[in-house]
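The values are calculated or read from the model by the stated rules, or taken from the named source; none is laboratory data. Just so it is clear, the model here is predicted, and its values are computed rather than measured. No Cβ is skipped: glycine too gets one built from the backbone with ideal geometry, and neighbour counts run over all protein chains shown.
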Amino acid sequence: MPEVDAAQFTIGVFQDVVWAERGVEALKAQAFPTQALSIVAKDTPETAALVEKIFGGQAARVIVPRLGPVVATGPLIEALDGSAGSLGRLGLAAALKQVGFQTHDGHIFEALTGKGGVLVAIRGEVRSADALAILHSFGGGNAAIGAWTGRL
C-alpha cells in the first residue's frame, strides 16, 4: 500500500451545488480555512463554477473509476493522488481507505457523489467534531470522520 498523508479528514456529501455552497460558507464562517477544504464532484459547469468561486481557480479534472470525469481540489486530493495516483487508479471508495475511512463509508461517499452529490472534506484533527456538526447541520449526508493520525 502506498504511503499517504496521515492527516485526518472529515467528509460529508451534499445533495447538490447549492447545498454544498451553503455548507462551505458555514465552515468558512466558523474559521475553517479555505486551504483545509477539498471538493470532489462530477464534472459539470455548476461544480466547476463552485470550485472557482471557493478556491479562486479551476479544479483538476480527473477520470475516476465508477464516477467518470470529476472536478477535484484540495488537500484530500493531494493526499489521495500524491505520487501513487490512487484516486484515478483505484476509485474514490478504495482510495478513501488510505486516509482512514472504512470501506462502507467510501462506498457510500462514492455512490452519493456518483448520483450528483458534492463531496466536501475538511482536513484537520483538532476541530473534526466541529466540522462534522457543521456538515450535518447544513445537509452533508453521511458525514464521517476518518481515522485519527497515528491510530490503526
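Given the criteria surrounded by 15 or more Cβ atoms within 10 Å (Cβ to Cβ), in contact with a Gly (Cβ under 7 Å, 6 or more places away or on another chain) and farther than 12 Å from Val118 by Cβ, does Phe9 qualify? Yes: the conditions hold for Phe9.
Can you confirm whether segment 44-56 contains a residue that is within 21 Å of Asp16 (Cβ to Cβ), within 15 Å of the chain's Cα centre (by Cα) and not in a helix (DSSP H, G or I)? No, every residue in segment 44-56 fails to be within 21 Å of Asp16 (Cβ to Cβ), within 15 Å of the chain's Cα centre (by Cα) and not in a helix (DSSP H, G or I). From the list Ala84, Ala133, the lone residue that is aliphatic (A, V, I, L, M), modelled with pLDDT under 90 and surrounded by fewer than 17 Cβ atoms within 10 Å (Cβ to Cβ) is Ala84. Filter segment 85-101 for residues that are touching a residue at least 40 places away in the same chain (Cβ under 8 Å), not in a helix (DSSP H, G or I) and not hydrophobic (A, V, I, L, M, F, W, C) and give the result. Hit for segment 85-101 is Gly100, nothing else. Whenever a residue of segment 32-46 is within 23 Å of Ala131 (Cβ to Cβ) and of a type in the set (S, T, N, Q), its partners that are at pLDDT 95 or above and surrounded by fewer than 20 Cβ atoms within 10 Å (Cβ to Cβ), lying with C-beta atoms within less than 8 angstrom and at least six residues away or across chains, give the pairs Thr34/Lys28. Residue pairs whose Cβ atoms lie under 7 Å apart, sitting 6 or more positions apart in sequence or on different chains, and linking a residue in segment 107-135 that is more than 14 Å from Asp16 (Cα to Cα) to a partner that is basic (Lys, Arg) and surrounded by fewer than 22 Cβ atoms within 10 Å (Cβ to Cβ), are Glu110/Arg66.
Hey, can you tell me all the residues within segment 5-43 that are part of a helix (DSSP H, G or I) and among the β-branched types (Val, Ile, Thr)? Listed by number, the residues that qualify are Val17, Val18, Val24, Thr34. For Leu92, the criteria (1) at pLDDT 95 or above; (2) crowded, with 23+ Cβ neighbours inside 10 Å hold in every case but one, which is (1).
Does Gly100 count as within 14 Å of the chain's Cα centre (by Cα), among the small types (Gly, Ala, Ser) and at pLDDT 90 or above? No: the conditions fail for Gly100.
Taking first residues from segment 58-76 that are touching a residue at least 40 places away in the same chain (Cβ under 8 Å) and partners that are among the charged types (D, E, K, R) and crowded, with 21+ Cβ neighbours inside 10 Å, the Cβ contacts under 8 Å between residues at least 6 apart in sequence or on separate chains come to Arg66/Glu110; Leu67/Glu110; Gly74/Arg123; Pro75/Arg123; Leu76/Arg123.
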